[in-house]
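Okay, structure first, notes after.
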Amino acid sequence: MKSRILAVLLCAAMLISFNACDGKTGSSLSSGAGSTASDAAWNPGITQRAVLKQAGVMCGVMYIGFVEKEMTDPDAMRSDYDRLIRASGGFEEFEFLRELPDSQLVSTAMGHDLYLIIPTDPDAKVEVSEVSLDYDNDCAYRVERTLYSAENGAPFLLQCNYSDIFSDAQIMITNPDGTRLKWMPFMSLKDGTVQTEADDGQKVYDFTEYQFSEEE
């Protein structure tokens, strides 16, 4: 009983914090929230998709790092992104990141964790939404706005999550055969790794190379 009361109070505190900042809007840094990726032709060959297909997953992720500043403009953030990608080894492993267009930079209103998202199927439909906790509905997630949508499965960078307790971004991937993945990326407080559990028991493949040993 005490744990349930604590959970409700925690949910309320987080919701109040989110609503206090609700004047800010999320953006898909190229052309504003709710827009389709402007560079729809950009869908590079990605060798890592072979790994994803072999693993039988619909999506891969790499945690790149913590971004100090909230996203407001893609040009202003490029140097921050480049620094984090370089430090994570992302440019060596994912060469296409060197030519990633602004249309593939996506952010929630107050996000700070930077992820690389790679849909497995290059023809998949992708939609990223900003979400919040609905206190009136037992703290269920509520979709606030669409941040990004695309008719192809091009990779993209997602800057999201202002809280360590819950995610503020939802990724929906739909393959041409109708199979669907719904997943909310965040770092696990249990072991510091990306949470790879998606709806319906599906998994997301984690490309991240963590800087700590399993014993830690």
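Nothing in this text is a laboratory measurement; each read-out follows from the coordinates by a stated rule. All values derive from a computational prediction rather than experimental measurement. Don't worry about glycine lacking a Cβ; one is built from the backbone with ideal geometry, like all the others, and counts go over all protein chains shown.
For a quick check: sort Lys125, Lys69, Lys190 by the number of other beta carbons within 10 angstrom, fewest at the front. Could you put the intermediate results ahead of the total?
Numbers: Lys125 17, Lys69 10, Lys190 7.
Ordered by Cβ neighbours within 10 Å, fewest first: Lys190, Lys69, Lys125.
Taking the beta-carbon count within 10 Å as an exposure proxy, list Asp80, Asp136 from fewest neighbours to most. Provide the component values of the computation, followed by the final result.
Numbers: Asp80 16, Asp136 8.
Starting with the residue having the fewest Cβ neighbours, the order is Asp136, Asp80.
Want the number for Ala140 to Ala55: 0.36 nm per residue separation, take away the alpha-carbon distance, what's left?
Numbers: separation 85, 0.36 × 85 = 30.60 nm, distance 3.04 nm.
Going from the current span to full extension adds 27.6 nm.
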Next item on the list: For Gly111, list long-range residues whose amide hydrogen, built 1.01 Å from N in the peptide plane, is under 5 Å from its own amide hydrogen.
Entry: Met71, Asn161
Margin query: I need Val131, Val106 ordered by Cβ neighbour count within 10 Å, fewest first.
Written below: Val131, Val106
